[in-house]
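The values are calculated or read from the model by the stated rules, or taken from the named source; none is laboratory data. Keep in mind it's a predicted model, so treat the numbers as computed, not measured. As a convention, Cβ positions derive from the backbone with ideal geometry for all residues, glycine included, and neighbour counts pool all protein chains shown. Please note that ligands, DNA and RNA were not included when accessible areas were found on the heavy atoms of the full protein model with its side chains. Shrake-Rupley method; radii C 1.70, N 1.55, O 1.52, S 1.80 Å.
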Amino acid sequence: MGETAGDRIQKIEVEEFVRRLKRLLEGDAQTAWFLGAGTSRSSGIPLAGELTERWLRQLHSEAAPKEPYDDYVARTFPDHDPKDPAASYSDVMTRLFQTAADQQEEIERLVTRHDPGFGYATFAQLIEHAGCGPKCNVVFTTNFDDLVADALYLYTRTRPLVVSHASLADFAASGRTRPTIVKLHGDAMLAPLNDANQLAQLHEAYREVLDRHLRDRALIFLGYGGHDKGVTDALKALPTASIARGVYWVGNRIPDTELGEWLRHRPETFHVPHLDFDELMAVVQQVFDLPHPKGDRFESLLKRYQDTFTTLQGEVDADDTTPEVIRDSVDSARAKFDTWFAVQAEAARYKESDPDRADQIYREGIETFSTSASLLEAYASFLFQVRHDHDNAEAHYRRAIDADPTDAVVLGNYANFLTYVRNDHDAAEIHFRRAIDINPTIANLLGTYASFLRNVRRDHDTADTYFRRALENRPTDPFYLGNHAGLLWGLGRVDEARASWDLVDVSNIASQMAVLGSSAAPSLILEGDIYRLANDGVDGERRTELLEHLRDLLLDGVRTRGWTFEL
């Protein structure tokens, strides 16, 4: 590693750069990223230079098709450099697309329907990483696309703050743990900046954001051409003490622009001669030992879609007053399913009103989809909860696990069966832990395990931890709120318990839990009444109301598993 002749830039190779980045992030250092168009190329979005050449050809064909192309370009854009076409981006674009509306339409067309690929997925994994992510999750970009945000949405469970307009810049506060994406040239759908006059000076609000976030960080440029005067002037105006951890320019060469001059004359600037974003992220994945994205993120979205449709179907079938147009629409939606879920959706229609018919639908469906873990588990749960055929239910839970040993939902539901039917708590815990190791973000799994720890193991501190983890993923779920409140009341933490229970919308709890696929609303309300009477110090008229409500629930036969209420 040595100093490049004629400037102060030090050259380092890509592996050394990534390992240095890891060392910085594992220490006290923080970094910010500056992404240019080069990072989006592998996702199908052209580079600025490629667009400039494309638009020049279009201008030539429209304005002077008989004139030699090179002569037309030299006459119309005398400053155009064929070796650096991106420098003419603004002039060429505004000549071809002469109104702001035309420019925005073209930008939208260019960035729409492009999905983040390997590079962006790995980048998302890095800036969401539990240890390193909070130290490197500030992203500045001149790109109009949403690929960073989309990668976080799709490949992780993190939702970033996206500052897509200067009017939102005040929300980009330093010290946030949530990833922050600052789109310096705007968004494809919010007046993107293309005109040279617009780009000549960065909005004051963005200059303040740069100053705020770069004071004690390293700054890493990826895929950026360095042609924007407004960005360059803003960086040059930063206090001398800014970017205290150095600047890293990742690209084939330092640009011959004002930004390049700034890089050459500032101390602690490093050149990483590497261009391809996906290749760089492959090294990042290896050095940081980042996992590949898991398919369960997409499966859980599809399952939520299917579960809410099943609930909708049940509500429509059970309500004789449902308008015919809605009933027909739900039937039509059900008919469009052509997988194992079609079997489950059809069986669900009859599992309460005609269990024999539901049983037949399940058995016929399993003959067709014999390796579907989800269908086998659905039938096992039907046998367990509706038919009370426990031996047959367990056989189908085991078939489901054999079909897919990594299905966390199947493992968790089987663990619940082992607890409440077989009383085999050790085996249940093994399956709970396997399921959570596979997918630690399923709220229902975390909440069920928390109840197991509370009710079976009497491990209240760990149960508290898992209830809180469940509520992180589903913060308004009445089941987890109510049961967590019960745990806290039992521990004597009355104020915390009351705060948790107060978040439960008792007036709407039945419909809330129906949407979540649970019919346990009355028993949860009963538990809440009892805990408040026993622990919350209610008296007078409120105590009378609770006692009357509790009596009505008990007379209606409402019970909670394990509570006999015997005299």
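Quick notes on this structure:
- Residue identified as of a type outside the set (Lys, Arg) and over 26 Å from residue 149 (Cβ atoms) among 76, 112, 31, 39: 76
- Applying a threshold of 6 Å to beta carbon distances and a minimum spacing of six or more residues, or different chains, the list of pairs starting in the stretch 383-408 at a residue that is in contact (Cβ under 8 Å) with a residue 12 or more places away in the chain and ending at one that is of a type in the set (S, T, N, Q) reads 383/392; 403/371; 408/439.
- Long-range neighbours under 9 Å by Cβ, at least six apart or interchain, first residue in contact (Cβ under 8 Å) with a residue 60 or more places away in the chain within the stretch 68-93, second part of a loop (DSSP other than H, G, I, E, B) and of a type in the set (Phe, Trp, Tyr): 91/77
- Test: residue 325 is among the β-branched types (Val, Ile, Thr), open to solvent by 30 Å² or more (accessible area, probe 1.4 Å), assigned to a helix (DSSP H, G or I) and in contact with a Pro (Cβ under 8 Å, 6 or more places away or on another chain): no
- All conditions in (1) modelled with pLDDT of 90 or more; (2) of a type in the set (Lys, Arg); (3) under 30 Å from the mean Cα position of the chain (by Cα) hold for residue 458, with the sole exception of (3).
- Some residue of the stretch 61-78 being under 34 Å from the mean Cα position of the chain (by Cα) and either of a type in the set (Gly, Ala, Ser) or exposed (fewer than 14 other Cβ atoms within 10 Å of the Cβ) (or both): no
- Qualifying residue in the stretch 238-258 (condition: surrounded by fewer than 20 Cβ atoms within 10 Å (Cβ to Cβ), touching a Leu at 6+ places or on another chain (Cβ under 9 Å), modelled with pLDDT under 90 and more than 21 Å from residue 17 (Cα to Cα)): yes
- Any hit, the stretch 426-442, residues being surrounded by 16 or more Cβ atoms within 10 Å (Cβ to Cβ), polar (S, T, N, Q), outside any helix (DSSP H, G or I) and in contact (Cβ under 8 Å) with a residue 24 or more places away in the chain: yes
- Answer residue from the stretch 328-364, given it is assigned to a helix (DSSP H, G or I), open to solvent by 60 Å² or more (accessible area, probe 1.4 Å) and of a type in the set (S, T, N, Q) and is modelled with the lowest pLDDT among those: 329
- The set of residues in the stretch 284-318 that are surrounded by fewer than 13 Cβ atoms within 10 Å (Cβ to Cβ) and at pLDDT 80 or above comprises 286, 289, 291, 292, 305.
- Of everything in the stretch 100-116 that is part of a loop (DSSP other than H, G, I, E, B) and at pLDDT below 85, the residue that is surrounded by the most Cβ atoms within 10 Å (Cβ to Cβ) is 114.
- Residues that are part of a loop (DSSP other than H, G, I, E, B) and in contact with a Lys or Arg (Cβ under 9 Å, 6 or more places away or on another chain) were ranked within the stretch 203-237; the one that is surrounded by the most Cβ atoms within 10 Å (Cβ to Cβ) is 223.
- Residue list for the stretch 447-496, restricted to those being open to solvent by less than 10 Å² (accessible area, probe 1.4 Å), under 28 Å from residue 424 (Cβ atoms) and without any contact (Cβ under 8 Å) to a residue 24 or more places away in the chain: 453, 467
- Filter result (open to solvent by 20 Å² or more (accessible area, probe 1.4 Å), in a helix (DSSP H, G or I), touching a strand residue (DSSP E or B) at 6+ places or on another chain (Cβ under 9 Å) and modelled with pLDDT of 85 or more) within the stretch 117-168: 134, 135
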